[in-house]
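The values are calculated or read from the model by the stated rules, or taken from the named source; none is laboratory data. No experiment lies behind these values; they were computed from the predicted model shown. All Cβ positions, even for glycine, are placed from backbone atoms using ideal geometry, and neighbour counts span all protein chains on display.
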Amino acid sequence: MTNQTSQPTGAKNTFDPTSFLLVPAKRFEDLKLGDIFRAPSRTLTDAHASAFQTVSADNHPVHYDAVWAARHGHSAPVVHGLQVLAFTAPGATLFPHYIGEVFIAFTEVSCKFLKEVHAGDTLYPALEIVALTTEGTNGLVTTSVSVFNQRSELVLSGEHKYLLKAAETIA
């Protein structure tokens, strides 16, 4: 069997890194309403929360002080909301691999934090295409984003928008 990484003996090297794709790339015109791009589930730990606290510089005690959190009505320290939102990053899914070279920009993000997330929770993020709009020679993809926990509770909902090249503009 011949593929991109192994060539028959004596064959000319024809490997092309630009064609080394995880999935076949789609054009804007190939995307469909209802297409879903899931991210792998993740079980959060105290280490994840600590690392995000360090990166974000958000040192509010609700995120690390169990006594403070309990005194203010929380069952445990609360994972940073922006950390939960980060799990909806398109790169956490196969979406960027599907759109390949047509990506121009991640233009908009919004979300609602619906339930607290704590260390030990397992999160299930997904993006679903809900609108495809032509903007001049480009296309705007709108996705609904959701994150559920292991109890099937929706903990975050929102929307992302991405600007892509349309087929006519791909050179």
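Below are the figures for this structure:
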| quantity | calculated |
| --- | --- |
| Residues of the range 62-107 that turn out to be over 21 Å from Val155 (Cβ atoms) and in a helix (DSSP H, G or I), as a count | 10 |
| Checking Phe52 against (1) in contact with a strand residue (DSSP E or B) (Cβ under 9 Å, 6 or more places away or on another chain); (2) surrounded by 15 or more Cβ atoms within 10 Å (Cβ to Cβ); (3) assigned to a helix (DSSP H, G or I), the condition it does not meet | (1) |
| Every residue from the range 53-103 that is hydrophobic (A, V, I, L, M, F, W, C) and closer than 19 Å to Glu128 by Cα | Val84, Leu85, Ala86, Phe87, Ala89, Ala92, Leu94, Phe95, Ile99, Val102, Phe103 |
| Selection status of Gly73, modelled with pLDDT of 90 or more and under 29 Å from Lys165 (Cα atoms) | no |
| Residue within the range 106-117 that is in contact with a strand residue (DSSP E or B) (Cβ under 7 Å, 6 or more places away or on another chain), surrounded by 18 or more Cβ atoms within 10 Å (Cβ to Cβ) and charged (D, E, K, R) present | no |
| Residue count, the range 115-171 (criterion: closer than 27 Å to Tyr64 by Cα and more than 17 Å from the chain's Cα centre (by Cα)) | 11 |
| Near pairs, Cβ below 7 angstrom, 6+ apart or cross-chain, from the range 64-77 (free of Cβ contacts under 8 Å to residues at least 24 places away in the same chain) to any residue that is surrounded by 12 or more Cβ atoms within 10 Å (Cβ to Cβ) and of a type in the set (S, T, N, Q) | Tyr64/Gln53 |
